[in-house]
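All of the numbers you see were taken from the coordinates with simple rules; none came from a lab. Just so we're clear, the structure is a prediction, and the values are computed from it rather than from any experiment. With ideal geometry, Cβ positions are generated from the backbone for all residues, glycine too; neighbour counts draw on all protein chains shown.
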There are 2 protein chains.
Amino acid sequence: MAQNIYDNPDFFAGYSQLPRQVHGLSGAPEWPAIQALLPDLRGRRVVDLGCGFGWFARYAVEHGAESVLGLDISEKMIARARADTPGDRIAYEIADLDQLELPADRFDLAYSALAFHYVSDFARLVQTIHRSLRPGGHLVFTIEHPIFMAAAHPHWIADENGSKTWPVNNYAREGERRTDWFAKGVLKYHRRLSTTLNTLIDAGFALNRLEEFAPMPEQIATFPVLEEELERPMMALIAAERR
Amino acid sequence: MAQNIYDNPDFFAGYSQLPRQVHGLSGAPEWPAIQALLPDLRGRRVVDLGCGFGWFARYAVEHGAESVLGLDISEKMIARARADTPGDRIAYEIADLDQLELPADRFDLAYSALAFHYVSDFARLVQTIHRSLRPGGHLVFTIEHPIFMAAAHPHWIADENGSKTWPVNNYAREGERRTDWFAKGVLKYHRRLSTTLNTLIDAGFALNRLEEFAPMPEQIATFPVLEEELERPMMALIAAERR
């Protein structure tokens, strides 16, 4: 079972104040890059794996999706998502992605933002998603980039010339990583980028796109702190299609 | 035009003493991983882009390839490849991968080992290869991994706990990298892994496999120095197929 850090009160309090939780999708600098990966949403049946407060679910319906199933491990997130969501085209359910069951041939798009790196058995999850998609269905998801996650102590350091540098070690040693982020010992799973892509291919997906998120110059001009994202990728964005 | 460092006498002298040049394919620790990506070679027409001394060309013919065209920018490499190669199923030619022209619909397999990171215009090269392959033809190649190449000063450092660590910076800043390796200022081109994969997809390839080379336990037992390859990947191995 995946760790449910989101219902930890300290974590939830901090997490809820992130710009992307206060302002929604447009508060995430990678959102324009995600949009470029999305298929036309009109008439689609969508499942959102790790739906949080429901920002994407509401976006999908506003852009013509026929229905959205939003799944999240956090009771607090689901409760707020339900409270924030009008209408009847979105259903929210509590679900653990490590135990997920989905109906077969049901969805046109499986979407997930920054949730899969909490999943222990990625191959099982990908096979479950593949079965739940109709032929030609899309999978679009973001994860923390393994360059960002691999090291035993992942944080900025200075190289011998004082340049901002990100440390990489243990890259080939996949498995648990624990970091402190709003709470002690948040549990994530490091997988090589090759493992992530080969798992998709083995499950029957064709890779359509890999993006290693880097901010655009106009984003850096508005938020200068984003410039450090040019040094190392924090996120990978992946679009695949059921063959 | 690509830099031809290989005909620099100092470089050539050092390079020729690498285990993989003295012992051939089995002198390269990644060779078993490359073999796992290769299609059955029997009856195939092969082009080897950056063939060096012709080790792979001879291997391909020994394993049933119908013909091999070996291409390299280095006159010294091609001269020795010709001298070392019996028979008439292998032809060697001098070629600059940045200016490459190939006949259309000619080859079943395009192979390249550690050459494409010297190429400035990767998109042009990939399009040229795609046109030269028959439908269903394979492209198998290795490159220096962008994690290995990105930083301004790429070499082992110690993190705050003394752990062996590889520095990453400038990852999103693609383009020239100069390093000293048997000669001063060897010119390579850094591209993000996403750029490499998306260039293949845009040219009409389907990605079949990405490997970020890590040695097997028995390789580390025999050559303990290889253990450091678990910290960060030095090479990416890629198998793609003409759609």
Output for region B:123-186: chymotrypsin sites (Phe, Trp or Tyr not before Pro) sitting in coil per DSSP, at most 15 other Cβ within 10 Å, listed by number, reads B:Trp156, B:Trp181
Using the Karplus equation 6.51 cos²θ - 1.76 cosθ + 1.60 (θ = phi - 60°), what ³J(HN,Hα) coupling, rounded to whole Hz, does each residue of region A:83-93 give in order, writing x for Gly and Pro? 5, 8, 10, x, x, 10, 8, 10, 10, 10, 9
From the phi of every residue in region A:64-75, what ³J(HN,Hα) in whole Hz does the Karplus formula 6.51 cos²θ - 1.76 cosθ + 1.60 yield, where θ is phi - 60° and glycine or proline is x? x, 4, 5, 7, 9, 9, x, 10, 7, 7, 8, 5
Once every DSSP H run of n ≥ 4 in chain A is given -39500 (n - 2.57) and the sum is divided by its residues, what mean residue ellipticity at 222 nm do you get, rounded to the nearest 500 deg cm²/dmol? -7000 deg cm²/dmol
Counting only DSSP loop positions in region A:28-65, the trypsin sites (Lys or Arg not before Pro) whose Cβ has at most 12 other Cβ atoms within 10 Å are A:Arg42
Residues whose modelled amide H sits under 5 Å from the amide H of B:Met235, counting only those 5 or more places away in sequence or on another chain, are B:His145, B:Phe213
What is the pair-distance distribution P(r) of the protein assembly as shown, computed from all Cα-Cα distances in 20 Å bins starting at 0, with each bin given as a whole percent? 22, 53, 23, 2
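Using the C-alpha gyration tensor of region B:5-242, what are the square roots of 5 times its eigenvalues, in whole angstrom, with the largest one first?
28, 21, 19
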Can you list the copy-to-copy distances for B:Met216, using a point 7 angstrom from Cα toward Cβ, in nanometres, shortest first? 4.7
Note the distances from A:Val22 to each other copy's matching label point, with points 7 Å along the Cα-to-beta-carbon direction, in nm, sorted shortest first. 6.3
Amide H contacts under 5 Å for A:His63, placed H, 5+ residues apart: none
For the pair B:Lys184 and A:Arg124, the simple spin-label estimate (label points 7 Å beyond Cα toward Cβ) gives in nm 5.9 nm
Shortest first and in nm to one decimal, what separations exist between B:Arg124 and its copies in the other chains, measuring from label points 7 Å along the Cα-to-beta-carbon line? 5.1
